[in-house]
Amino acid sequence: MERIIKPAFTVIGKEGSTRDGEGFIQRLWEDANGHFGEIAPLAKTENGQLVGVWGAMSDFSRSFQPWEEGFTQGLYLAGAECADDAQPPAGWTKWVIPGYEYLRVESTPTAFPDTLAHLAQQGITLAGAVHDFTDPATGKGYMCFPIRRL
């Protein structure tokens with residue numbers, strides 16, 4: 001578990017919601033990965049590598065608050081970190097995610113409940129929605145828990 005500061009950033013991806021039914025996140029990733037070439041020129045890179053692949057989340061109001069009803073209802077964007085001025089191609093959605101201080105935790109089957117329990121023990125409340133992040137350089141997956149808005 002590490003604390004990181006991430007200023008506001010842009011993700012362009014395929015958007016869906018829990019209202020789309022079971023398995024919707026997997027379907028979004030299949031769609032995004034299958035059409036990645038459409039946004040590849042917009043994606044941020046460093047040393048020839050993508051900067052980040054994000055499973056960004058928001059409540060239905062699109063204010064980047066945590067998913068509702070016990071973290072079971074909300075929006076999901078499967079995509080890549082892109083240039084802030086990038087315009088999404090047809091069929092893609094652009095989110096500008098506010099800057100936060102995050103607790104970044106390696107993804108495991110119990111990372112979400114374990115980190116929520118840790119935050120509660122520390123008296124820390126979520127400042128926004130939790131995001132999934134994959135580091136393309138290592139292939140490692142993380143969950144980013146926003147604890148303070150910048």
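The values are calculated or read from the model by the stated rules, or taken from the named source; none is laboratory data. Just so it is clear, the structure is predicted and the values come from calculations on it, not from any experiment. For neighbour counting, all protein chains shown are included, and Cβ atoms are generated from backbone atoms with ideal geometry for every residue, glycine included. Quick note on the areas: whole protein, heavy atoms, side chains included, nothing else; ligands and nucleic acids left out. Shrake-Rupley method; radii C 1.70, N 1.55, O 1.52, S 1.80 Å.
Residue 132 contributes an accessible area of around 40 Å² to the protein surface, as traced by a 1.4 Å probe with all chains present. The angle separating the long axis of helix 111-122 from the principal Cα axis of greatest extent in the chain is about 40 degrees. If R0 is 35 Å, the Cβ-Cβ spacing of residue 36 and residue 119 corresponds to a FRET efficiency of close to 0.55.
Please give me the summed charge of the neighbours of residue 150: other residues whose Cβ is under 11 Å from its Cβ, Lys and Arg +1, Asp and Glu -1. Result for the local shell: +2.
Residue separation of residue 83 and residue 26 scaled by 0.36 nm, minus their Cα-Cα distance, works out to 18.0 nm of gained length.
Only protein heavy atoms count here; under a 1.4 Å probe, residue 44 has an accessible surface of about 70 Å². Angle of helix 24-34 to the longest C-alpha principal axis of the chain, folded into 0 to 90 degrees and rounded to 10: 30°. Its DSSP H runs of at least 4 residues, each contributing -39,500 (n - 2.57), put the calculated 222 nm mean residue ellipticity of the chain at -5000 deg cm²/dmol, to the nearest 500.
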